Structure formats: structure tokens, C-alpha cells
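To start, the structure under review is shown below, and the notes come after it.
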Amino acid sequence: MAANNRRMSGKKGAQVGSGGQRRKGLEGRGPTPPAEMRKGHKKNRVANAKAKQAVRRPVARGRGGKSASELVVGRNPVVEALREGVPASTLYVQQFIDNDERVREALQLAGERGGINLMEAPRPELDRMTNGLNHQGLVLQVPPYEYAHPEDLTAAAYDAGEDPLIVALDGVTDPRNLGAVVRSVSAFGGHGVVVPERRSAGMTAGAWKTSAGTAARTPVARATNLTRTLEACKKAGITVVGLAADGEVELGDLEALGGPVVIVVGSEGKGLSRLVGETCDYWVRIPMPGGAESLNAGVAAGIVLYEAARRRS
């Protein structure tokens with residue numbers, strides 16, 4: 001009898017109900033995140049390694065050199081940069097982020113474009129990367145821009161059987177002005193933009209956005225010394241035209257715009273620097289019957305480029 005009791009004692013009796021907890025445990029948890037963001041996944045490890053290498057990798061130098069990498073910080077700026085096609089290598093997303101529409105759009109745009117690593121990071125790491133800026137859980141890394149060499153612009157024009165039409169910027173420090181000039185050069189059939197290596201705007205995310213995508217097909221070259229670069233252009237038979245409010249030639253009278261030309265635009269406040277101004281073959285003025293003292297670089301370059309394109313058509 002004792003043996004029977006031992007055998008019966010091993011049987012399970014009635015079980016207490018789970019109260020619906022098991023059913024809740026079977027509910028879905030939303031869409032599966034991309035492999036790059038799933039901790040422990042091979043693609044996540046590869047993405048993390050690539051991101052760390054991109055941050056630590058020294059800047060390479062080509063013929064025109066490269067800029068430093070850049071971070072776009074904040075939900076709205078990141079989404080806008082992705083919408084405008086700003087080049088990006090890595091999208092950093094904060095762990096346990098509040099998943100609003102902007103976060104979802106950023107992830108969708110990065111995934112659709114392809115080639116952008118998705119990396120999940122704790123907030124302290126993002127704080128460190130951005131030096132304490134209000135990143136709102138999203139940080140986009142823009143890779144270094146690879147500048148052309150000024151000689152590449154003229155060579156490309158001659159290879160296409162065209163006279164070079166180039167804009168050089170002297171003392172223009174606003175990236176939005178640079179982006180606007182790149183857009184105008186592209187619109188009027190120019191062959192590129194030259195900027196000095198120092199004290200000048202570079203191809204940042206802001207410049208990319210203002211260019212409205214044209215920076216992808218219009219090269220920007222960087223000159224170690226703008227004056228020497230302009231002198232080399234003159235020796236190669238290219239006319240150097242500087243814009244100045246008190247220029248001796250009015251824009252409509254300048255026949256040289258129909259041939260190989262470099263148009264030099266200075267800053268809105270200071271104009272052309274002394275050495276660059278002395279290098280120019282002509283100083284040309286844009287007639288302004290409305291009485292404005294000056295135009296910003298983007299507008300001025302667009303007007304002169306239109307006149308050059310009209311003469312070449």
C-alpha cells in the first residue's frame with residue numbers, strides 16, 4: 001500500500017491558472033529590428049566594428065585632400081539630412097529610445113538608402129560623441145568629403161571639349177553659401193568650385209543640404225593657396241574675373257565670359273582679399289539699380305554664371 005501511495009504521489013494535480021499571463025506573453029512585440037541593431041547578431045558586431053573604425057581612422061589625403069568626418073545631431077536635423085541625400089556612414093540610435101515618427105522615418109530612410117550602418121548606443125556614449133549636445137537619441141555620421149584638385153576641374157572641361165567655367169570663393173565662410181554656389185554651377189553648366197584650404201567654408205552637411213543634391217555631381221576642389229592657383233589658371237590661358245562693387249567693367253560688357261574663365265567671388269562684407277584681387281584680369285560689377293550695396297556669394301555667382309551660360313549658348 002505504501003508503494004502505491006508513492007506511485008500516486010508523483011501524479012500532477014490540478015494546476016493553478018496563469019491569469020492570462022501566458023496569452024500576453026505570446027503577443028507580438030512589433031516589427032523585428034534590422035539585423036544591424038540586434039545585439040549579438042553578426043551584422044550588429046560588424047556594424048559596431050566599422051563604426052568604431054570610422055571614428056578612429058585618421059583622415060586620408062588625396063590630391064585635393066579630405067575633410068574631417070562630421071556629426072549631425074538631433075532628430076529633425078538627422079531626418080532632414082537623410083531626406084536631402086547627405087552622405088552618411090553610420091546612424092547611431094540611443095538604446096531604449098522613445099520611438100516617435102522622426103525616429104521611425106530616420107530608420108526607414110537609412111534602410112532604404114543602403115550602405116549606412118545602424119548602431120545602437122547607450123546615452124552616455126552619444127553624450128560623449130556629441131560633447132553633451134542635445135542629440136535626442138539620434139546621431140548621423142557624415143564621412144569625410146574628398147576634394148578634387150583644382151587642375152582636375154580644368155582637365156575635365158577640356159576632356160569634354162568645353163571651355164572651363166569655374167567659380168572660386170575667397171573668404172566665404174558660410175557653408176550654405178558654398179552649397180548655393182555649387183547648385184548654381186550645376187544649373188548653368190559649370191565645371192566645379194574652388195575653395196581655399198583655410199578660412200573658408202567646406203563641404204559640410206549644411207553645404208550638402210543647400211546644394212539640393214547637386215554636390216553629388218559637381219566637384220569642389222580645395223586649393224592650398226588660392227592666389228597661386230589663380231596664377232596657374234592664367235598661365236594656362238584661363239581668364240580670371242573678380243566680382244567687385246566698384247569693378248571697372250559692367251557684367252553685360254565682359255566678352256571674356258564666353259571663353260575659359262574662373263569667376264572669383266569674395267565675402268559679402270569684405271569682398272576680395274588684396275592678393276586675390278591683384279591676380280584678377282578683370283574686376284566686374286553687377287549693376288544693381290535698386291541700390292543694394294552688395295549681394296551674397298550664392299546670388300552673385302548665380303547672376304554671373306547665367307551671363308556666362310547665355311554667351312556660350
Output the number of residues of segment 96-118 satisfying the condition of being touching a residue at least 24 places away in the same chain (Cβ under 8 Å) and either among the acidic types (Asp, Glu) or under 18 Å from Leu133 (Cβ atoms) (or both).
-> 7
Sole exception among (1) over 30 Å from Ser200 (Cα atoms); (2) open to solvent by less than 20 Å² (accessible area, probe 1.4 Å) for Met119, by number | (2)
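Give, as residue ranges, the strands (runs of 3 or more DSSP E) completely inside segment 83-156 that count at least 1 residues that are among the β-branched types (Val, Ile, Thr) and in contact with a helix residue (DSSP H, G or I) (Cβ under 6 Å, 6 or more places away or on another chain).
Working: elements: 90-94, 117-121, 138-142.
Per the criteria, 90-94, 138-142.
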Checking Thr204 against (1) within 22 Å of Arg310 (Cβ to Cβ); (2) surrounded by 19 or more Cβ atoms within 10 Å (Cβ to Cβ), which single condition isn't satisfied?
-> (1)
Scanning segment 248-286 for residues that are open to solvent by less than 70 Å² (accessible area, probe 1.4 Å) and at pLDDT below 90, which turns out nearest to the chain's Cα centre (by Cα)?
-> Ser267
So which residues in segment 194-217 are modelled with pLDDT of 90 or more and in contact with a Gly (Cβ under 6 Å, 6 or more places away or on another chain), if there are any at all?
-> Ala207, Thr210, Ser211
Within segment 130-141, restricting attention to residues that are out of contact with any Phe, Trp or Tyr (no Cβ under 8 Å at 6 or more places or on another chain) and either among the β-branched types (Val, Ile, Thr) or over 15 Å from Leu91 (Cα atoms) (or both), which residue is surrounded by the most Cβ atoms within 10 Å (Cβ to Cβ)?
-> Thr130
Which residues, counting only those in segment 96-116, are open to solvent by 60 Å² or more (accessible area, probe 1.4 Å) and either of a type in the set (Gly, Ala, Ser) or more than 22 Å from the chain's Cα centre (by Cα) (or both)?
-> Phe96, Asp98, Asn99, Glu101, Gly115
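Quickly run through segment 192-212 and pick out the residues that are more than 16 Å from Val72 (Cβ to Cβ) and of a type in the set (Gly, Ala, Ser).
Filtering segment 192-212 down to residues more than 16 Å from Val72 (Cβ to Cβ) leaves 192-201, 212.
Listed by number, the residues that qualify are Gly192, Ser200, Ala201, Ala212.
Can you tell me which residue is nearest to Thr90 (Cα to Cα) among those in segment 178-193 that are more than 15 Å from the chain's Cα centre (by Cα) and open to solvent by 10 Å² or more (accessible area, probe 1.4 Å)?
If we filter segment 178-193 for residues that are more than 15 Å from the chain's Cα centre (by Cα), which is where we start, we get 184-193.
From what is left, the residues that are open to solvent by 10 Å² or more (accessible area, probe 1.4 Å) are 184, 186-191.
On the way: Ser184: 30, Ser186: 28, Ala187: 31, Phe188: 34, Gly189: 33, Gly190: 32, His191: 30 Å.
Within segment 178-193, the match that is nearest to Thr90 (Cα to Cα) is Ser186.
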Exactly one of (1) assigned to a helix (DSSP H, G or I); (2) out of contact with any strand residue (DSSP E or B) (no Cβ under 9 Å at 6 or more places or on another chain) is unmet by Val182. Its number?
-> (2)
Is it the case that Arg217 is within 16 Å of His149 (Cα to Cα), open to solvent by less than 50 Å² (accessible area, probe 1.4 Å) and among the charged types (D, E, K, R)?
-> no
Since Gly242 meets every condition but one in (1) crowded, with 19+ Cβ neighbours inside 10 Å; (2) at pLDDT below 95, which condition does it not meet?
-> (2)
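The values are calculated or read from the model by the stated rules, or taken from the named source; none is laboratory data. The shown structure was predicted, so the numbers you read here are calculated from the model rather than taken from an experiment. Every residue, glycine among them, receives a Cβ derived from its backbone with ideal geometry; neighbour counts consider all protein chains shown. With ligands, DNA and RNA removed, areas are computed over all heavy atoms of the protein, side chains included. Shrake-Rupley method; radii C 1.70, N 1.55, O 1.52, S 1.80 Å.
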